[in-house]
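Here's the structure we're looking at; comments come further down.
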Amino acid sequence: MEPILLLHGALGSAAQMARIADTLQPHFKVCILNFAGHGGRQIPETPFSIELFAGEVIRFMAAEGLEKINIFGYSMGGYVGMYLAKHFPAKLGCLITLATRFEWDEAIAANEVNKLDPVKAELKVPAFAESLRQLHAPEDW
């Protein structure tokens, strides 16, 4: 069976990929991982970056004995997949992305960063903030 790795988005975790994994399970060897600082994994000393997360995928593949893998990447997970396609093309089969934004400029980036303010999130969308707290526990969301 061909392997497929499901990569979550910036605010997400591997747990959010469970339903997709269940659907794909009969057709693929489904792999899921939590990026550092996500889904309860320790926040790394190194700042978050696509390169950092891509390195985690490469190490995961080595640990699992996978020479080549298909990737489904949601949002940030799609960026990780594209980074791998550019820098490690021999390791990638198919790449599927969903909700991976291709257009960025300073104004768009500032707007997205503004949405990530935890104080504002707790005031405006407390249920969402609480879900993030639970999703990333015991680490600070």
Residues of region 39-79 classified as acidic (D, E), under 23 Å from R101 (Cα atoms) and surrounded by fewer than 16 Cβ atoms within 10 Å (Cβ to Cβ), total = 1
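Among the residues of region 28-36, is any more than 29 Å from P138 (Cβ to Cβ) and surrounded by fewer than 16 Cβ atoms within 10 Å (Cβ to Cβ)?
Within region 28-36, one or more residues are more than 29 Å from P138 (Cβ to Cβ) and surrounded by fewer than 16 Cβ atoms within 10 Å (Cβ to Cβ).
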Within the bounds of region 31-53, is there any residue that is without any contact (Cβ under 8 Å) to a residue 24 or more places away in the chain and part of a helix (DSSP H, G or I)?
-> yes
Within region 80-87, is there a residue that is touching a residue at least 60 places away in the same chain (Cβ under 8 Å) and either under 29 Å from D140 (Cα atoms) or crowded, with 17+ Cβ neighbours inside 10 Å (or both)?
-> yes
Which ones in region 14-27 are among the polar types (S, T, N, Q) and either in a strand (DSSP E or B) or surrounded by 14 or more Cβ atoms within 10 Å (Cβ to Cβ) (or both)?
-> Q16
Meets criteria (at pLDDT 95 or above, aromatic (F, W, Y) and in the same structural domain as K29 (by TED's automatic domain parsing)) for F72 = yes
Filtering region 1-13 down to residues that are in contact with a helix residue (DSSP H, G or I) (Cβ under 9 Å, 6 or more places away or on another chain) and not in a strand (DSSP E or B), which residue is farthest from L92 (Cα to Cα)?
-> L11
Index of the failed condition, A109 passing every other in (1) modelled with pLDDT of 95 or more; (2) out of contact with any helix residue (DSSP H, G or I) (no Cβ under 9 Å at 6 or more places or on another chain); (3) small (G, A, S) | (1)
Selection from region 57-105 of residues that are more than 17 Å from the chain's Cα centre (by Cα), assigned to a loop (DSSP other than H, G, I, E, B) and of a type outside the set (D, E, K, R) = G65, L66, F88, W104
R19: passes all of (1) in contact (Cβ under 8 Å) with a residue 24 or more places away in the chain; (2) at negative phi but (1)
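The values are calculated or read from the model by the stated rules, or taken from the named source; none is laboratory data. Small disclaimer: the values here were computed from a predicted structure and weren't measured. Note that we place each Cβ from the backbone using ideal geometry, even for glycine, and neighbour counts take in every protein chain shown.
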